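Chemist: Take this structure, written in structure tokens, and hold onto it; I'll ask about it next.
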Amino acid sequence: MTSTTAPPPGPDGLVHRAVPYRDPEHQAVAIAGPVAEALEIGRRALVIVDPRCAAVLRRSLGHDAGVEFRSPDRMHSAPPFTVAGRWSRAVREALADGASGVCTVGQPVELPHADPAYWTRLDLALSHALRALPVELLCCFPDAEADRARAGALHDEFLVDGVPVPSDCRRDDHELLAENPQRPPDELGPPIMTLPVTLDDLGSMRRIVERQAELSGLGPTRVSDLVLAVNELISNGVEHGSGHPVLRMWRTEAGLVSEMSDAATCRLAFPGLAAPPVSGERGRGMWLASELSDVLQVWTAEDDPGQVTGTVVRVTMSPP
């Protein structure tokens, strides 16, 4: 199996800065300027912050300023790479609707499932998912010494009282990922089906996935999306992996889970987050599967030592 690297950012690509704040009022003041400037030049604004800051920002900019606010608990209701994919789709939808760019703001908030590793992995994933898009990404953090050190490791620049300040402690993304591992795959119990797949089995595999999706009540469009997503993952294992991956499926409270496991291992540090170049021959399948499913998670023996053997990819689809 092969890994892909996202294209380097163009001249209008991602600007990613860490924004220190003392309290919600100071946080709103710190981000009001960049958000207002973006709106003035025809950009959109997408803000996902603590409700206290959001309330102050609304009063500062006006309720009809055109800022899109999203709830942190809903936006962050999935693993960090899936959230980064959601963020990227929101930006691309704004660009397709005529925006010249997007200013987007986020911050770590208190959530039951979100530990420090979650926020580190999300920050790194956002850098990768948005790197080729005309985006200003502002990541707010409490202005304390330990928080500043963590933010500096993840960002090239700080934005301090409206002034960009270079970070002197930026670290390698892959090192940070290794130090902040994701959780191992959840134990889901006995699968409803287990199917070893070879090249000759792809047609029958698609029909089986279609039937299981129908039985799970996904509806015609989501059935088609799941069949295509699973086909991309299994085909990747057939063509670039061992040649005989295994498909397993489970029905869970979160939806229908489909898993591709393969003995072949690979390095996929940022799987499915950015579309490969149009001229590229590799990498589109993982990205397409991420776009079509509700949640995509990837574990590899190289990037997640001790958690899996080879490569494990899971996609989850819930009924509409």
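Chemist: Of Leu273, Val308, Leu233, which is farthest on the positive side of the dipole of the stretch 193-317, counting Cα position, with +1 on Lys and Arg Cβ, -1 on Asp and Glu Cβ, and the Cα centre as origin?
Modeler: It is Leu233.
Chemist: Of His174, Val49, Pro108, whose Cα points farthest to the positive end of the dipole of the chain (charges on the beta-carbon: +1 Lys, Arg; -1 Asp, Glu; origin at the Cα centre)?
Modeler: Val49
Chemist: Could you estimate the translational diffusion coefficient of the stretch 89-232 from the Stokes-Einstein equation, with Rh from the Kirkwood formula over C-alpha pairs, at 37 °C and 0.692 mPa s, in whole µm²/s?
Modeler: Estimated via Stokes-Einstein, D reaches 171 µm²/s.
Chemist: Sort the stretch 177-234 into rounded, prolate or oblate with this rule: let a ≥ b ≥ c be the square roots of the eigenvalues of the Cα gyration tensor; rounded if a/c is under 1.5, and if a/c is not under 1.5, prolate when a/b is larger than b/c, oblate otherwise.
Modeler: Prolate is the answer for the stretch 177-234, as a/c is 1.5 or above and a/b outweighs b/c.
Chemist: Kindly work out what percent of the DSSP beta bridges joining two residues of the stretch 89-215 are antiparallel, to the nearest 5.
Modeler: 45 percent
Chemist: Turning to a different aspect of this structure: What area, in nm² and to one decimal, does the C-alpha convex hull of the stretch 15-179 cast on average over all directions?
Modeler: Orientation-averaged projected area of the Cα hull: 9.0 nm².
Chemist: Mean-square fluctuation check for the chain, GNM, Cα pairs under 10 Å: which of Glu25, Glu210, Glu175 is largest?
Modeler: Sorting by GNM fluctuation, first place goes to Glu175.
Chemist: Tell me, Met75, Met317 in order of fewest to most beta-carbon neighbours within 10 Å?
Modeler: Ordered by Cβ neighbours within 10 Å, fewest first: Met75, Met317.
Chemist: Then there is this: Which order do His244, His16 fall in if you start with the one that has the fewest other Cβ atoms within 10 Å?
Modeler: In increasing order of surrounding Cβ atoms, one gets His244, His16.
Chemist: Just name one of Gly33, Pro20, Ser318: the one whose Cα is farthest towards the positive end of the charge dipole of the chain (beta-carbon charges, Lys/Arg +1, Asp/Glu -1).
Modeler: Going by the Cα projections, it comes out as Ser318.
Chemist: What is the angle, in °, between the Cα long axis of helix 51-61 and the longest principal axis of the Cα atoms in the chain? Nearest 10 is fine, range 0 to 90.
Modeler: 50 degrees
Chemist: Kindly provide the helix-only [θ] at 222 nm of the chain, computed as the sum of -39,500 (n - 2.57) over DSSP H runs of four or more divided by all residues, to the nearest 500 deg cm²/dmol?
Modeler: -12500 deg cm²/dmol
Chemist: Got a sec? How would Val223, Val35, Val19 order by Cβ neighbour count within 10 Å, fewest to most?
Modeler: Final ranking by Cβ density, sparse to dense: Val223, Val19, Val35.
Chemist: Kindly express, to the nearest 10 degrees and within the range 0 to 90, the angle between helix 80-96's C-alpha long axis and the longest C-alpha principal axis of the chain.
Modeler: 70 degrees
Chemist: Quick check for me: using +1 on Lys/Arg Cβ and -1 on Asp/Glu Cβ, what's the dipole size of the chain about its Cα centre, in debye to the nearest 20?
Modeler: It comes to approximately 600 debye.
Chemist: Let me ask something else. On a 0 to 90° scale, report how tilted helix 24-40 is relative to the longest principal axis of the chain, with both axes built from alpha carbons and the result rounded to the nearest 10.
Modeler: 80 degrees
Chemist: Can you give the local net charge around Asp23? Use residues other than it whose beta-carbon is closer than 10 angstrom to its beta-carbon, Lys and Arg +1, Asp and Glu -1.
Modeler: Local charge sum for Asp23: 0.
Chemist: What dipole magnitude, in Debye to the nearest 20, does the stretch 193-317 give about its Cα centre under +1 on Lys/Arg Cβ and -1 on Asp/Glu Cβ?
Modeler: 160 debye
Chemist: Give me the dipole magnitude in Debye, nearest 20, for the stretch 137-198 about the Cα centre, with unit charges on the beta carbon: positive for Lys and Arg, negative for Asp and Glu.
Modeler: So the magnitude is around 220 debye.
Chemist: Sticking with this one: I need the Debye-formula profile for the chain: one equal scatterer per C-alpha, no solvent, reported as log10 I(q)/I(0) at q = 0.09, 0.13, 0.14 1/Å, two decimals.
Modeler: -0.49, -0.97, -1.10
Chemist: DSSP beta bridges in the chain, what fraction antiparallel, as a percent rounded to 5?
Modeler: 55 percent
Chemist: Return the single residue from Asp73, Asp173, Asp186 with maximal mean-square fluctuation; model: Gaussian network over the chain, springs between Cα atoms under 10 Å.
Modeler: Evaluated over the chain, the most mobile residue of the options is Asp186.
Chemist: Here's something else I'd like to know. Let me know the Rg and Dmax you get for the stretch 193-317 when you use only its Cα atoms, in Å.
Modeler: 13.7, 40
Chemist: Gaussian network model of the chain, Cα springs within a sub-10 Å range: biggest mean-square fluctuation belongs to which of Gly152, Gly310, Gly162?
Modeler: Residue with maximal mean-square fluctuation among Gly152, Gly310, Gly162: Gly162.
The numbers here are math on the coordinates, done by the rules we state, and not lab data. No experiment lies behind these values; they were computed from the predicted model shown. Heads up, the Cβs are rebuilt from the backbone with ideal geometry, glycines too, and the neighbour counts pull from every protein chain shown.
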